[in-house]
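A short write-up of the structure that comes next.
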Amino acid sequence: MEGSLHTRPVMLFSFIGVGVKILLNYTLMFGNFGFPRLGLTGAGFSTMVVEFLLLAMGVWYVGTRFRAYRVFSFDKPQGNVLKELLRIGVPIGIGLAFESGLFTVTTILMGTIGELELAAHQIASQSVYFTFMIPLGIASAAAVRVGQAVGKGDIRQVKQMGRLGVTFAALAMLLSALTYWFFPRFVIGLYINVTDPINTNVVQLATLFLSIAAMFQVFDGVQVANAAALRGLKDTKIPMLVSLISYWFIGLGSAVLFGFVFGLGGHGLWFGLVIGLAVAAVLLTIRFNVTMLRRLERQSALTREGLMKPL
């Protein structure tokens, strides 16, 4: 749906899913409307129901709106198409696993430091995940537009769409960075009571983590937009290697070094996240610009030889 620019239904289905999730959580977690009180198990059940609901709505829309494409037909598999999907898709999946894995391992390491650090880390990381959805959506749009420009053979538009995606993603993350920096108590107050004395230490730690998170927000927006633009170019293997090096070798290595070797604790782990995301942003920016330069040079050569019309 996103690849064909049908993004509003996706947004609408998401809103419906959130509404159903709230209702089911209220019903199953707390035992309302005659249902038993299931606690966290109820949250699990509600998540399962919502995921099936989202699937059903997506299948219904695609099956009706894109009927001419026979999306759900059972034709004979085409080996070349499957091979191309795997060639492009597997590195994307591995790269995303490297990125999410960095935050997962950081959470595990934070748990070894202390319960207060883990609680503060969860507040900060969940806030980061939430705001990350905005540049992620912009990056998805950039990938689609870049892919369309590639299909038209318009390399200059490819460059323009890629850079616009990076710019808007960075600006969105700049806004979240300013929020974390200047209004941390408001953000923390979405999770816990910041005026309760029992939460004082968690609030202080979460404020520190959010201030560090503010440092890498723009880097995070730049790296996700550049990675998406490269996907539009079907360039996924090198970004996968960039993710491995940036997140696991440099990012996680720095987190362990600062957090445990230098004894900085929880905020040392967050400094590792800053370094990893910054390195990824720089390397992916270089990769996109170099790829564009090569394509423009190749296009100029073909134009001079009369094999392609000038754009």
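Please treat every number below as a calculation from the coordinates, not as lab data. Quick caveat, the model's predicted, so the values are computed rather than measured.
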Restricting things to alpha carbons, find the Rg to Rh ratio for the range 78-131 using the Kirkwood radius for Rh. 1.28
For the range 220-278, what size does the Cα cloud have along each of its three principal axes, sorted from largest down, in whole Å? 43, 19, 10
Just to be sure I understand: with springs between alpha-carbon atoms less than 10 Å apart, which residue in ALA139, ALA255, ALA149 has the highest mean-square fluctuation in the Gaussian network model of the chain? ALA149
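Can you pull the Kirkwood radius for the range 88-171, inverse mean 1/r over Cα pairs, to one decimal in Å? It would help to have the intermediate numbers written out before the result.
Values: mean 1/r = 0.0661 Å⁻¹.
Taking every pair of different Cα atoms in the range 88-171, averaging 1/r and inverting gives 15.1 Å.
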Rounded tilt (10° steps) of 200-232 against the dominant C-alpha axis of the chain: 10
Suppose we look only past 20 Å in the calculated P(r) of the range 150-249. What percent of the Cα-Cα pairs does that tail hold? 55
If the elastic network links every pair of Cα atoms under 10 Å, which of SER100, SER140, SER127 fluctuates the most in the Gaussian network model of the chain? SER100
Write down, largest first, the equivalent ellipsoid semi-axes of the range 1-72 in whole Å, where each equals the square root of 5 times an eigenvalue of the alpha-carbon gyration tensor. 31, 11, 8
For the chain, built as a Gaussian network whose Cα springs stay under 10 Å, the top-fluctuating residue of ILE108, ILE192, ILE22: ILE22
Dividing the Cα convex hull volume of the range 81-304 by residue count, how many Å³ per residue is that? 114
Mind checking the angle between helix 40-65 and the chain's longest principal axis? C-alpha axes, 0 to 90 degrees, to the nearest 10. 20
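Would you calculate a helix-derived [θ] at 222 nm for the chain, using -39,500 (n - 2.57) for each DSSP H run of n ≥ 4 and dividing by the full residue count, to the nearest 500? Could the numbers behind the result be given before it?
Numbers: 10 runs with 233 residues, N = 311.
Computed ellipticity for the chain at 222 nm equals -26500 deg cm²/dmol.
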